[in-house]
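Colleague: One structure, pasted below without further comment.
The values are calculated or read from the model by the stated rules, or taken from the named source; none is laboratory data. Given the structure is predicted, the values throughout are model-derived calculations rather than measurements. Every residue, glycine as well, gets a Cβ built from its backbone with ideal geometry; the counts of neighbours run over all protein chains shown. All accessible areas refer to the heavy atoms of the entire protein, side chains included, with ligands and DNA or RNA removed. Shrake-Rupley method; radii C 1.70, N 1.55, O 1.52, S 1.80 Å.
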Amino acid sequence: MNYILAPSILAADFKELGNEMKKTEENGAEYLHFDVMDGMFVPSISFGMPVLASIHKVTNQVMDVHLMVQEPIRYIEDFQKAGADLVTIHLEACRDVKETIEKIRLCGLKAGLSICPETEAEAVKPYLKDVDMVLVMSVHPGFGGQKFIKESLDKIRKIRQLADEQGLDLDIEVDGGIYLSNVREVLEAGANVIVAGSAVFGGDPGKNTKDFMEILREYE
Ligand code: DX5
Ligand code: ZN
């Protein structure tokens, strides 16, 4: 299994974004995580296609797009054109989850399915064989810098078990409140893709990425 760091640019200093991103790439972060918020599914509004399109030109990192958007099916093609490689939608935001996943596939992208803290692990079961990744939210979506919800660890374990039962080589990404101090618990529960916003961009993004990568490599 591949262990991957996905720094969330939501926590970056946007006037320094180009430099800060580069430092994460140079130090081994394979993904770059984009938190797209629509002010409907979540209270806040972040950024959208033009920001991705601009970043796409200057990075080799996998563009990991987390759509916190109501009815994301409306925007999949736009994000594909803007350079997304992997698009994750929220189960709670879709009228038809299956159709939305199919749309991501039709656009030639990798598909992720995310669940909020109040959604049970079992809810993803019917879709596991159709997605590349499940994203477990370990905070309530909408803002960076929140405290990790401990119950998420059981949910990660349960989803890893469901995937194993179906013989699936599923990526499990975890997002929210992850720091060097608790990332081991998340990895040990069965996750392999780690989103970190504040823990990477608060301080020196190069050094923080390097420190995370040292831990991730212990699990390979
Ligand atoms: C929350 C976002 C997260 C967030 C993570 O809605 O999905 O990606 O930016 O931020 P930290 O790592 O600061 O909790
Ligand atoms: Zn996210």
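Colleague: Taking amide H positions as placed 1.01 Å from N in the peptide plane, with prolines and chain starts having none, which residues 5 or more places from residue 34, or on another chain, fall under 5 Å of its amide H?
Modeller: Hits under the 5 Å cutoff: 64, 65, 66.
Colleague: Between residue 47 and residues 5 or more places away or on another chain, which pairs have amide H atoms under 5 Å apart, with H built 1.01 Å from N, and which residues are they?
Modeller: 37
Colleague: Per residue, how many Å² of accessible area does the chain show with a 1.4 Å probe?
Modeller: Numbers: 9570 Å² over 220 residues.
Per-residue accessible area for the chain comes out at 44 Å².
Colleague: Can I ask one more? Which whole-angstrom value gives the distance between the alpha carbon centres of the stretch 83-130 and the stretch 12-70?
Modeller: 19
Colleague: In the chain, what % of DSSP beta bridges are antiparallel (nearest 5)?
Modeller: Approximately 5 percent, going by the DSSP bridge assignments.
Colleague: Say the cut-off is 23 Å between C-alpha atoms; which of 81/110; 22/147; 81/129; 125/147 go over it?
Modeller: Where the Cα-Cα span goes over 23 Å, the pairs concerned are 22/147; 81/129; 125/147.
Colleague: Separate question: For the stretch 138-147, take each phi angle, set θ = phi - 60°, evaluate the Karplus expression 6.51 cos²θ - 1.76 cosθ + 1.60, and give the result in whole Hz per residue in order, putting x for glycine and proline.
Modeller: Once rounded to whole Hz, the list reads 9, 9, 6, x, x, 9, x, x, 8, 7.
Colleague: Filter the trypsin sites (Lys or Arg not before Pro) in the stretch 79-143 down to the DSSP loop ones having no more than 15 other Cβ atoms within 10 Å, then list what survives.
Modeller: Qualifying residues, ordered by number: 95.
Colleague: Relative contact order for the chain: what percent, with Cα pairs under 8 Å and sequence separation of 6 or more?
Modeller: On the way: 443 pairs, mean separation 52.1, N = 220.
Relative contact order for the chain comes out at 24 percent.
Colleague: Given a 1.4 angstrom probe, I'd like the percentage of the accessible area of the stretch 40-133 that is carbon and sulfur, rounded to a whole number.
Modeller: In the stretch 40-133, the share of accessible area belonging to carbon and sulfur is 53 percent.
Colleague: Over the Cα atoms of the stretch 145-220, how large are the radius of gyration and the largest Cα-Cα distance (Dmax), in Å?
Modeller: Over the stretch 145-220's Cα set, Rg and Dmax evaluate to 12.9, 41 Å.
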